[in-house]
Amino acid sequence: MVNTKINLCGVTLDNPVIPASGTFGFGYEYADIYDINVLGSLSFKGTTVEPRYGNPTPRIAETASGMLNSVGLQNPGIDKVISEELPKLRACFSKPIMANISGFSLDDYTEACRKIDSEEQVAFIEVNISCPNVHNGGMSFGADPKAAEEVTKAVKAVTTKPVIMKLTPNVTNIAEIAKACESAGADGVSLINTLLGLRIDLKKRRPLLANTTGGLSGPAVFPVALRCVWQVYNAVSIPIIGMGGVSSSSDVIEMMLAGATAVQVGAANLVDPFACKKIIEDLPREMQRLRIDNLSDIIGGAH
Amino acid sequence: MKQGIFEIIENVALTRDTFRMKLQGDTSAITAPGQFVNIKLDGLFLRRPISVCDKEGYTLTIIYKVVGDGTHAMAHMRAGQTLDILTGLGNGYDLTRVGDRPLLIGGGVGVPPMYYLARQLIESGKKVTVIMGFNTEREVFYKQEFEALGARVLVTTADGSCGIRGFVTAAIPEAGEVSCICACGPEPMLKAIYDATDVPAYFSFEERMGCGFGACVGCTCKTKYGNKRICKDGPVLTREEIIW
């Protein structure tokens, strides 16, 4: 019997597979088709202090081996998430929850984190400082080590939960940002958020997305994500959650060999709603094939 | 929602660029006319949402127009090939709210979902009128099929080459008194119907989708009752809730 358990920031997860924020809603759409308690954890839809509609449509476009999205953090706001969405999630999910929080100012981040801190089932706070689809928010914090440090410090001061900073690949040196987060007290980092991209409608001669640009995800970005995880693993000693184009159990193992302690699955869920379940079911077989007894033994194993 | 493997049993051209595909598989998740399916195609990342034209037993019928890479690939598929399809997506039309004399309006590839709707309504004893709008005569399909169901059919073409000249709204007065309107087609057509009528009405919308089952919120629109996902809370919206 192989052991798929991993320890993420002091919390034991049955397996390292976590649906990525923005691709899994608040879980219940998927709970209609399978028991989502097979998941290691679940990162819920990016939540801000105020409700947001997001960007105008169209906000989805296809690319080679992937997709662009410019949703722009549509969410009902932290209060409604706590009063309406979390009870629905709790009804179908008993595993540790990862709360994904976004903001446009330090106050936004701290207010939302303070509110979510009292939710018992929330085991981790994943702080999104990397959304490419909103102006003046998210990514601007994640593109500058000083700003990343400030958000980390501010959030750490208001929460008792492990804080995981979600980083953007749209920077010159992602390891430098990760180091800034670590030195400010982050308990972990997750990477990568989407890569900024563009598609043009040939007939209309206009961008396909109403927001012009969008975030690229899917198998197309997997090697970029893997490289980022590799570089960050060399730079920090806090755990890394690897994500970006992961679609199979072998991708999970590859991410872990690069240095990830846990792995998020994003765009794959949208194409195959059973993607996470299939990956989790495949994982023991793939481990046996590769002669891995304890999954946690392979973290950073390719270095 | 269900995921299933369907076998193509027929894939034929109805017009130069509009095809009908019949597939065999588990259709049990399809519970209302106006719902759609989401089709995985080799080499393309996102699934392709296509409205359900009919379902009977294990047979699913879809009608699609070749507009891009996905539908182009579909047009070249043959009987015996299989497709990975998500079924039972979207709300569909509520058959209990259409009254005794519903008017069904389809424009172009908005016509196919009206077939399953018309069949169910006629089978339950309603008097159904169908308006089908096309650009020109050679694009017209399914007129006889609707008539065979027992529906009264009015065809409009923008160039007047078949039926009534003009858009679908030109035929609305011909339909006489109706209890409600169910419409599917391009948004300008839906807006024109909305403006030209005041009976209860249900409009089926189209939007670029990521997942098709409510998870990614890529296709959200604003309504008077808050944000709605076209794929999950729609595609059918009521007259009262629409913000144009």
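Nothing in this text is a laboratory measurement; each read-out follows from the coordinates by a stated rule. Everything quoted here is computed from the prediction, not taken from an experiment. Glycine also receives a Cβ, built like all others from the backbone with ideal geometry; neighbour counts cover every protein chain displayed.
When the Karplus curve 6.51 cos²θ - 1.76 cosθ + 1.60 is applied with θ = phi - 60°, which whole-Hz ³J(HN,Hα) does each residue of region B:120-137 get, with x for Gly and Pro?
5, 5, 5, 4, 9, x, 7, 9, 9, 10, 10, 10, 10, x, 9, 6, 8, 4
Once you keep just the Cα pairs under 8 angstrom separated by 6 or more residues, what percentage relative contact order results for region A:181-267?
Computed over region A:181-267, the figure is 30 percent.
I want to check the label-to-label distance for A:E84 and B:S179. Put each point 7 Å from Cα in the C-beta direction and report it in nm to one decimal.
Roughly 3.3 nm, to one decimal.
Using alpha carbons only, how many angstrom separate the centre of region B:25-64 from the centre of region B:134-192?
That distance is 24 Å.
Would you compute, from DSSP H runs of 4+ residues alone, the mean residue ellipticity of chain A at 222 nm, taking -39500 (n - 2.57) per run and dividing by the full residue count, rounded to the nearest 500?
After summing the helix terms and dividing by residue count, I get -9000 deg cm²/dmol.
Tell me, what is the FRET efficiency for B:T238 and A:S250 to the nearest 0.05, using R0 = 41 angstrom and their Cβ-Cβ distance as r?
Here the calculated transfer efficiency is 0.30.
Mean separation of Cα pairs under 8 Å and 6+ residues apart, divided by the residue count of chain A: what relative contact order is that in percent?
With pairs under 8 Å counted, the relative contact order is 21 percent.
Does region B:1-99 come out rounded, prolate or oblate by the C-alpha gyration tensor, with a ≥ b ≥ c the root eigenvalues, rounded set by a/c under 1.5 and, if not, prolate when a/b is larger than b/c and oblate if not?
prolate
Only helices at least 18 Å long along their own axis, judged from Cα atoms, and with Kyte-Doolittle mean hydropathy of 0.5 or greater: name those in chain A from DSSP H.
Within chain A the helices that satisfy the rule are A:222-235.
Roughly speaking, what is the centre-to-centre gap between region A:45-123 and region A:226-274 when only Cα atoms are used, to the nearest Å?
So the separation of the two Cα centres works out to 21 Å.
List the residues, sorted by chain then number, that are 5 or more residues from A:L195 or on another chain and whose placed amide H is less than 5 Å from its amide H.
Correct list: A:L216.
Nearest 5 percent is fine: what portion of the DSSP beta bridges confined to region A:190-292 is antiparallel?
55
So what is the relative contact order for chain B, in percent, with contacts set as C-alpha pairs under 8 Å and at least six apart?
Here the relative contact order equals 18 percent.
From the backbone phi of region A:92-105, what are the Karplus-calculated ³J(HN,Hα) couplings (6.51 cos²θ - 1.76 cosθ + 1.60, θ = phi - 60°) in whole Hz, Gly and Pro given as x?
With the stated coefficients, region A:92-105 comes to 10, 9, 10, 7, x, 9, 9, 8, 9, 10, 10, x, 10, 7 Hz.
Give a residue-ordered list of calculated ³J(HN,Hα) values for region A:260-269 (Karplus: 6.51 cos²θ - 1.76 cosθ + 1.60, θ = phi - 60°; whole Hz; x for Gly, Pro).
7, 7, 9, 9, 9, 10, x, 3, 4, 4
What is the packing order of peptides A:286-298, A:260-272, B:170-182, A:172-184, taking the mean over residues of other C-beta atoms within 10 Å and listing the highest first?
My ranking of the peptides, most packed first, is A:260-272, A:172-184, B:170-182, A:286-298.
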